[in-house]
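Novice: Before I ask anything, let me first share the structure, which is written out below as structure tokens.
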Amino acid sequence: MKILYFSWLREKVGVPNEEKDIKATTVIGLIEELVQLEERYAMAFSDLKSVRVAVDQKLVQDLKTSIENAREVAFFPPMTGG
Amino acid sequence: MKILYFSWLREKVGVPNEEKDIKATTVIGLIEELVQLEERYAMAFSDLKSVRVAVDQKLVQDLKTSIENAREVAFFPPMTGG
Amino acid sequence: MSSYGINHCEIFVSVQGHDFNLQFEIESIKNERKNFGGLVSFLGQVRNDRDTEKELLFLELEHYPDMTEREIISICQEAKDRWELGAIRVIHRVGKLVPGDNIVLALVAASHRNEAFKASEFIMDFLKSRVPIWKKEHFEDNSSWVKSKQSDEELLSRW
Amino acid sequence: MSSYGINHCEIFVSVQGHDFNLQFEIESIKNERKNFGGLVSFLGQVRNDRDTEKELLFLELEHYPDMTEREIISICQEAKDRWELGAIRVIHRVGKLVPGDNIVLALVAASHRNEAFKASEFIMDFLKSRVPIWKKEHFEDNSSWVKSKQSDEELLSRW
């Protein structure tokens, strides 16, 4: 699965994107799996209220959203476009 | 006193403006005085709900507004700018 | 053509027969104040679909010289008092205009987009029914004065 | 860059590094449909007064390629469904921008000014907090990501 990070989440994780074999089947499961891996993930996901998620480029509100069959999951802070 | 007419009021009266010696001291008095003069004024002022008035280039809502000391009074239909 | 600088909000108003250029007007604001953040513009043009039966040949805009410009300036000053604005530029054309021609431009620059939007809508609402300008539509075989709309009058009550 | 013609409302969206020209974009709409009646545009530029203490050197706009453009198109389609519009053109720049540079342009053409104003505000409100773009401010000796504003989020509830 392709995982993407933007803005300060990208800076904390240290890479813009990565391919990972993931066991988790939901967004929150994926976050917990990443946080177990390394300290940089734990730092990036320390405040989930500031984290927004897109599954296959669609914004999802619920962290329990399934990621089974998803090609890519993106994590980023609240958007500041316009 | 200078009296100005715009849009279809100008077309009905037949002139864009004219100088007149006026006895009336209010807007409604001026209208009544003009209507007595000639049929074209009576036609122009036949429906006062469609007539807007400016005294010295300031819109007035009340037909009883004084025109004493006024230099010019203008009559026109509701505006359609923009 | 009139230009006033009040409370750091530059107000520019012109009632003119000749055309204007939106890009030029925006550059004028940029030159005055480099950082306006947000700029809202309304550009009005002559349509030919007012009456679907007939093709509009041209529009004739009559106005009350002197008073027109002064009324527009007073609308802009009212807008400047209600919102925090950086600059306002309003240009209204008069005379004969054909379909596709520019009629009116209202530009409002502000630090916050919400204020620029509000001020621009406010100015357009008042231009529609409080400025001494009248439109006459000329068709192939007849012509008629555009009637004021009750809906335009009602819009004023929201301010 | 994407262009869709749906229900006679042309939607054009571009997320790009290079600058744009408002006059050119307006001419593009005019060429497509001669008589739009009213055209509302919002032009956003980089200010340098976000932090009055420090001078902004440049702004860096990061985005989520592919998704950004698709999200903007979906906002425009929602606007098209809510109001009767003739054309929508949205351009959002990404990359490094200095104070005074254009950031974003939202153009909406419609027969009635009220609909053009509403649609344009709607699009800007959603661009602010529903499109995957993030701004980083670079000053002389530090840099920081722009925080999203609660007030921008609250504006969405009015639609």
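Coordinate-derived values only; no laboratory data. These figures come from a predicted structure and were not determined experimentally. Quick reminder, even Gly has a Cβ in these numbers, built from the backbone with ideal geometry, and neighbours come from all protein chains shown.
Novice: Would you say A:ASP56 is within 14 Å of another protein chain (Cβ to nearest Cβ) and at positive phi?
Specialist: Numbers: within 14 Å of another protein chain (Cβ to nearest Cβ): yes; at positive phi: yes.
In short, yes.
Novice: Answer with yes or no whether D:ASN102 is within 11 Å of the chain's Cα centre (by Cα) and surrounded by fewer than 23 Cβ atoms within 10 Å (Cβ to Cβ).
Specialist: yes
Novice: Let me ask something else. Any idea how many residues of the stretch C:10-27 are outside any strand (DSSP E or B) and within 13 Å of another protein chain (Cβ to nearest Cβ)?
Specialist: At the first step, the residues of the stretch C:10-27 found to be outside any strand (DSSP E or B) are C:17-27.
With within 13 Å of another protein chain (Cβ to nearest Cβ) added as a condition, the list becomes C:19-27.
Going through the stretch C:10-27 one residue at a time, the tally reaches 9.
Novice: Which residue is farthest from C:ARG113 (Cα to Cα), if the candidates are limited to the stretch D:122-159 and must be of a type in the set (Ser, Thr, Tyr) and in a helix (DSSP H, G or I)? Can you show your working first?
Specialist: Applying the first criterion (of a type in the set (Ser, Thr, Tyr)) to the stretch D:122-159 yields D:129, D:143-144, D:148, D:151, D:157.
Those still in the list that are in a helix (DSSP H, G or I) too: D:129, D:151, D:157.
Numbers: D:SER129: 14, D:SER151: 12, D:SER157: 17 Å.
Among them, the one singled out is D:SER157.
Novice: When the residues of the stretch C:83-99 are filtered to those that are surrounded by fewer than 21 Cβ atoms within 10 Å (Cβ to Cβ) and in contact with a helix residue (DSSP H, G or I) (Cβ under 7 Å, 6 or more places away or on another chain), which remaining residue is nearest to B:MET79 (Cα to Cα)? Steps first, answer last, please.
Specialist: Step one: list which residues in the stretch C:83-99 are surrounded by fewer than 21 Cβ atoms within 10 Å (Cβ to Cβ), which gives C:83-84, C:94-99.
Those left that are additionally in contact with a helix residue (DSSP H, G or I) (Cβ under 7 Å, 6 or more places away or on another chain): C:83-84.
Working: C:TRP83: 26, C:GLU84: 28 Å.
Among those residues, the one meeting the criterion is C:TRP83.
Novice: I would also like to ask the following. State whether the residues of the stretch C:85-92 include one that is closer than 28 Å to D:VAL46 by Cβ and in contact with a His (Cβ under 8 Å, 6 or more places away or on another chain).
Specialist: Within the stretch C:85-92, the subset closer than 28 Å to D:VAL46 by Cβ is C:85-91.
Okay, now just the ones that are also in contact with a His (Cβ under 8 Å, 6 or more places away or on another chain), so C:86.
Yes, there is a match, as at least one residue in the stretch C:85-92 is closer than 28 Å to D:VAL46 by Cβ and in contact with a His (Cβ under 8 Å, 6 or more places away or on another chain).
Novice: Before we move on, is A:PHE6 aromatic (Phe, Trp, Tyr) and closer than 30 Å to D:PHE42 by Cα? Break it down stepwise before answering.
Specialist: On the way: aromatic (Phe, Trp, Tyr): yes; closer than 30 Å to D:PHE42 by Cα: yes.
Against the criterion (aromatic (Phe, Trp, Tyr) and closer than 30 Å to D:PHE42 by Cα), A:PHE6 qualifies.
Novice: Any chance the stretch C:61-73 includes a residue that's farther than 26 Å from D:PHE42 by Cα, touching a residue at least 60 places away in the same chain (Cβ under 8 Å), hydrophobic (A, V, I, L, M, F, W, C) and surrounded by 16 or more Cβ atoms within 10 Å (Cβ to Cβ)?
Specialist: In the first step, residues of the stretch C:61-73 are kept if they are farther than 26 Å from D:PHE42 by Cα; the result is C:61-68, C:70.
Now drop any that are not touching a residue at least 60 places away in the same chain (Cβ under 8 Å), which leaves C:61-64, C:67-68.
Keeping just the survivors that are hydrophobic (A, V, I, L, M, F, W, C) gives C:61, C:67.
If we keep only those that are surrounded by 16 or more Cβ atoms within 10 Å (Cβ to Cβ) too, we end up with C:61, C:67.
The answer is yes; a qualifying residue exists.
Conditions tested, residue by residue: (1) aromatic (Phe, Trp, Tyr); (2) away from chain B (no Cβ under 14 Å); (3) touching a Pro at 6+ places or on another chain (Cβ under 9 Å).
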| residue | (1), (2), (3) |
| --- | --- |
| C:GLY86 | no, yes, no |
| C:PRO99 | no, yes, no |
| C:VAL108 | no, yes, no |
| C:PHE117 | yes, yes, no |
| C:GLU121 | no, no, no |
| C:ARG130 | no, no, no |
| C:TRP134 | yes, no, yes |
| C:HIS138 | no, no, no |
| C:SER143 | no, no, no |
